[in-house]
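> Below is the structure I would like to discuss, written out as structure tokens.
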Amino acid sequence: GVRVLFGFYGWKTGARQIAQWVYHIGDTGFKDNWFRQGDEGYIYHVQDGPLPSLMWEAVREGIDDYRYIHLLGQMVEAGKASPKPGDRAAASEAEQALSRVLSNIGWRFQALQRRDRTPPPHPSALHEWRWQVVQQILNLQAHVSAAAYKTSARLKEGKDEA
């Protein structure tokens, strides 16, 4: 679930930042109860320093998913701004493909009440979704230059003037 939160679901919500509030809970009153169900957080303390857990790696994978989607979004915007009809068509196709992927994630994934939440997608689904995003990035490379989508991103953020 944490991979979805930091990746596809995070993008779908429009979140500009996603942060984790704790990396290690420690031996506290939270141990072995509803809070983390015996899991002591994202890292384990060992003699040589913190050791990442599977949960930590899932966060990393989610961040990578978000980065791929962000890159695709920049390329889509640049393609839509292109004067060439083929570029605009490829951008539209990529945008629709991303919409199809995101439609697989319901809004109830992070419902306020735990009992109302839907389960996270299977890891194989996440792998497939990332591959679909990467395929669209590769398809758009033939239509949109790196300079075009980097410029488009800077203009959108208001860092340069048109």
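The values are calculated or read from the model by the stated rules, or taken from the named source; none is laboratory data. Please read these numbers as outputs of a predicted model, since none were measured by experiment. A quick note on method: Cβ atoms are made from the backbone with ideal geometry, for glycine too, and the neighbour counts reach across all protein chains shown. We work out accessible area using only protein heavy atoms, side chains counted, and drop any ligands, DNA or RNA first. Shrake-Rupley method; radii C 1.70, N 1.55, O 1.52, S 1.80 Å.
> In square angstrom, rounded to the nearest 10, how much accessible surface does Arg88 have for a 1.4 Å probe?
Here the accessible area works out near 100 Å².
> Quick one: if the Förster radius is 22 Å, what FRET efficiency do Ser103 and Glu57 give, using the C-beta to C-beta distance and rounding to 0.05? Don't jump to the answer; show the numbers that get you there.
Details: r = 27 Å, r/R0 = 1.21.
Given R0 = 22 Å and the Cβ-Cβ separation, E is 0.25.
> Pulled fully out, how much extra length does the chain show between Lys84 and Arg67, if you take 0.36 nm times their separation in residues and subtract their Cα-Cα distance?
Extending this stretch completely gives an extra 3.5 nm.
> Could you check the simple spin-label distance between Ala146 and Ile18, using points 7 Å along Cα→Cβ, in nm with one decimal?
2.7
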